[in-house]
Amino acid sequence: MKLYGTSLSPFVRKVLVVLAEKGVEVRHVPLRFHDPDPRFRAASPFGKIPALEDEDFRLADSSAIIQYLERRHPEPALLPATARDLGRAIWFDELGDTELFPLLVKPFVQRVLRPRFMNQPCDEAAVARCMGEELPRLFDYLEGQIDGPFLVGGTFSLADISVVTGFHNLHLAGEAVDAGRWPRLSAYVAAILERPSFQAALSARQG
Ligand SMILES: N[C@@H](CCC(=O)N[C@@H](CS)C(=O)NCC(=O)O)C(=O)O
């Protein structure tokens, strides 16, 4: 099995965490999005990362790949069994991908990607706006959802992976959840990032 995409991507990180939780061996190819590698492009029609190759099967999109892996390697289950818990886990997956991701990566894009890879200056005003005005409503929501170590069904699941993955990029940009204002969220994120599967994903190759 081959997984394409740098571990700097929160979406690639989701899949790396799932593979580590399930103990699945993978060949990790840490390329960037839009890489011309023909095998990658065959797996990812629009050049986005991650993409997976499993024998003659190819698939892009972190959520699609994780659903595939869940059927292929059911243990330990990362999708809850009951209808309600499954619905909530998918809700948090979607929240992570579409609401949290675009904001959690803003400081990372400004402070890390722009100066290091795009030869552009950081827009500190954009970082301040993100931290002070854009992220707080999402942090408020999550603070109200956390009632134990995991978001759904009392066990680690896709919900935790998808919500927490982007916080690592926030940390790489030198920002973090204010523990005084959002104590539950701050402790929850720290504990999930400490899991061995997350630690393995965080040390996977970036390029
Ligand atoms: N919904 C996709 C999103 C993947 C995605 O947008 N990845 C970014 C890198 S973090 C990318 O490849 N961007 C290039 C582009 O949008 O064309 C998933 O869950 O895998």
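Only one of Leu151, Leu138 is surrounded by 18 or more Cβ atoms within 10 Å (Cβ to Cβ), within 30 Å of Leu19 (Cβ to Cβ) and either without any contact (Cβ under 8 Å) to a residue 12 or more places away in the chain or not assigned by the TED database to the domain that holds Glu21 (or both); which? Spell out how you get there, then give the answer.
On the way: Leu138 fails: surrounded by 18 or more Cβ atoms within 10 Å (Cβ to Cβ).
Matching residue, one of Leu151, Leu138: Leu151.
Among the residues of the range 62-78, which ones are within 16 Å of the ligand (Cβ to nearest atom) and either assigned to a helix (DSSP H, G or I) or surrounded by fewer than 19 Cβ atoms within 10 Å (Cβ to Cβ) (or both)?
Initial filter on the range 62-78 (within 16 Å of the ligand (Cβ to nearest atom)): 62-70, 78.
Residues satisfying the conditions are Ser62, Ser63, Ala64, Ile65, Ile66, Gln67, Tyr68, Leu69, Glu70.
For the range 135-167, which residues satisfy the criterion of being of a type in the set (Gly, Ala, Ser) and outside any loop (DSSP other than H, G, I, E, B)? Let's see the steps before the verdict.
Our first condition is that a residue be of a type in the set (Gly, Ala, Ser); within the range 135-167, this holds for 144, 148, 153-154, 157, 159, 162, 166.
Gly144, Ala159, Ser162, Gly166, listed by residue number.
Results for (1) modelled with pLDDT of 95 or more; (2) of a type in the set (Asp, Glu); (3) open to solvent by 20 Å² or more (accessible area, probe 1.4 Å), shown as yes or no for each residue.
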site	(1), (2), (3)
Leu19	yes, no, no
Val26	yes, no, yes
Leu52	yes, no, no
Asp56	yes, yes, yes
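Please find, among Pro107, Pro115, the residue that is over 21 Å from Leu151 (Cβ atoms), buried (at least 19 other Cβ atoms within 10 Å of the Cβ) and modelled with pLDDT of 95 or more.
Numbers: Pro115 fails: buried (at least 19 other Cβ atoms within 10 Å of the Cβ).
On inspection, the qualifying residue turns out to be Pro107.
Please name all residue pairs, on different chains or six or more residues apart, with Cβ atoms under 7 Å, provided the first residue is in the range 184-196 and is within 14 Å of Val163 (Cα to Cα) and among the β-branched types (Val, Ile, Thr) and the second residue is part of a helix (DSSP H, G or I) and at pLDDT 95 or above.
Within 7 Å, the pairs are Val189/Val164; Val189/Phe167; Ile192/Asp160; Ile192/Val164; Ile192/Phe198.
The values are calculated or read from the model by the stated rules, or taken from the named source; none is laboratory data. Quick caveat, the model's predicted, so the values are computed rather than measured. Glycine gets a Cβ as well: all are built from the backbone with ideal geometry, and neighbour counts include every protein chain shown. Accessible surface areas use protein heavy atoms only, side chains included; no ligands, DNA or RNA. Shrake-Rupley method; radii C 1.70, N 1.55, O 1.52, S 1.80 Å.
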